[in-house]
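All remarks here apply to the structure that follows.
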Amino acid sequence: MKVFRLIKSVRMAAFIVAILAGVLTVMAGDAEQKALKAFADYDAIMQKRAGGTLDANDSIAMQQNLKAALAGFRQWRQEAGGAEMPDELAKAIGAHYNDFTVAGIFMFQARDYAGAYDIWEACVELPDNPAVAEAVKNPQNPRGLLAVNRALAATQAAMYPEALAAYDKAFALGYDDRQLFDSAVTLSQQTGDNADALKWACRGAAKYGRNSVYREYEIKYTTETDPAKGVELATESIGENPGEARWYNMRVIAYERLKRNEDALADLRKVTELTPADPMAWYNYGNKLLYMANLGRNGNTLDKNAYKTALNEAAEALEQAVKCSTGERKSMHAVVKSLNFLDQIYAQTNDKAGKKRVADYRAKFGMTK
């Protein structure tokens, strides 16, 4: 009796499963028909356009039809449980590729950014299905470009993870315009996703080379987690572009994280040689010299005379930062900081002539202490 009941229970369970499967099939079929009807309604209005009788209400209805068609597809996808897309539905989606494109453009222009992002799924993601892709004829815009625009729409809608995913999709589709790399790096930075910023920097550097801004980003974000690797990357760029000061500056950042002070100082000195008219280059060099002097004094590696010599060397570099400034706004930070340090140095060394020069510099730039 117990065995019979077990068999009966199994049969009943199988019967219930079969019924449920049938229900799901009908539901999935309903969703497909819902999508196909929306496409048919859209096409009927398009035929009116050919006859010259299209009005404003028709345009609104057409957009609603495309939304309904996409909603029907999504319902089918949810209920189908991974089943293969019906051919008729795939063909209908692909055949309306340009219509979805235009609808998204209208939404974007109307500042319905979330709506534009949503409807462009039909152009960006759904053609991954070969049957959909085969049905796309004479696309007005390539998928990669639409993926970038979809990312821009998501950004405007503050849908940042979706935007970054759309940029990835554009890249996967072969889109490699500089706009893609610039936008993706910028958004990654703004959202604090340094790992994503590094990913895009590496992609950009691979395309545009070791003398590009993307290489700077690559070194910057690599250095944050692996300064030794940052040194290696910067050294590669220096090897290919030894006359570019920025790569030495990038390597300095990595050296500083590794506390390789002498190496950092040497690179800062090299930057002053490459850009002798840059006040910031001289300020950075003088500031490092001052740091090294104080480090030596505090660590008892410099005696009194050696410490004074080190201070004078730092002062010479800091004065050079002031001398080569023409007063433009971008250099004044270096000037102000240099003068403040010079005040301290000449007070320590009791250099009256140096104090007088500092006062003259302040007067020249209209500063008061």
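The values are calculated or read from the model by the stated rules, or taken from the named source; none is laboratory data. Note that this is a predicted model, so its numbers are computed, not measured. Here the Cβ positions follow ideal geometry from the backbone for every residue, glycine too, while neighbour counts run over all protein chains shown. When the accessible area is computed, the model is the full protein with side chains, heavy atoms only, and any ligands, DNA or RNA have been set aside. Shrake-Rupley method; radii C 1.70, N 1.55, O 1.52, S 1.80 Å.
When you look at ALA172, is it open to solvent by 60 Å² or more (accessible area, probe 1.4 Å), at pLDDT 95 or above and among the small types (Gly, Ala, Ser), yes or no? Taking the combined requirement at face value, the residue satisfies it. Please determine whether any residue of the stretch 253-273 is among the aliphatic types (A, V, I, L, M), under 24 Å from the mean Cα position of the chain (by Cα) and open to solvent by less than 20 Å² (accessible area, probe 1.4 Å). Scanning the stretch 253-273 turns up at least one residue that is among the aliphatic types (A, V, I, L, M), under 24 Å from the mean Cα position of the chain (by Cα) and open to solvent by less than 20 Å² (accessible area, probe 1.4 Å). As for the stretch 309-328, it holds at least one residue that is under 33 Å from the mean Cα position of the chain (by Cα) and either farther than 18 Å from LYS356 by Cα or free of Cβ contacts under 8 Å to residues at least 40 places away in the same chain (or both). Residue count for the stretch 29-58 satisfying the condition of being within 39 Å of the chain's Cα centre (by Cα) and either at pLDDT below 85 or hydrophobic (A, V, I, L, M, F, W, C) (or both): 5. Since SER325 meets every condition but one in (1) assigned to a helix (DSSP H, G or I); (2) open to solvent by less than 60 Å² (accessible area, probe 1.4 Å); (3) small (Gly, Ala, Ser), which condition does it not meet? Of (1) assigned to a helix (DSSP H, G or I); (2) open to solvent by less than 60 Å² (accessible area, probe 1.4 Å); (3) small (Gly, Ala, Ser), only one is false for SER325: (1).
Among the residues of the stretch 335-344, is any open to solvent by 40 Å² or more (accessible area, probe 1.4 Å) and either farther than 19 Å from TYR285 by Cβ or touching a strand residue (DSSP E or B) at 6+ places or on another chain (Cβ under 7 Å) (or both)? No; the residues of the stretch 335-344 include none that is open to solvent by 40 Å² or more (accessible area, probe 1.4 Å) and either farther than 19 Å from TYR285 by Cβ or touching a strand residue (DSSP E or B) at 6+ places or on another chain (Cβ under 7 Å) (or both). With respect to being among the polar types (S, T, N, Q), over 17 Å from the mean Cα position of the chain (by Cα) and open to solvent by 40 Å² or more (accessible area, probe 1.4 Å), GLN140 fits the description.
From the set of residues in the stretch 155-169 that are open to solvent by 50 Å² or more (accessible area, probe 1.4 Å) and in a helix (DSSP H, G or I), which is farthest from ASP193 (Cα to Cα)? Checked the stretch 155-169; the qualifying residue farthest from ASP193 (Cα to Cα) is GLN156. Of everything in the stretch 233-252 that is charged (D, E, K, R) and under 23 Å from the mean Cα position of the chain (by Cα), the residue that is least open to solvent (accessible area, probe 1.4 Å) is ARG251.
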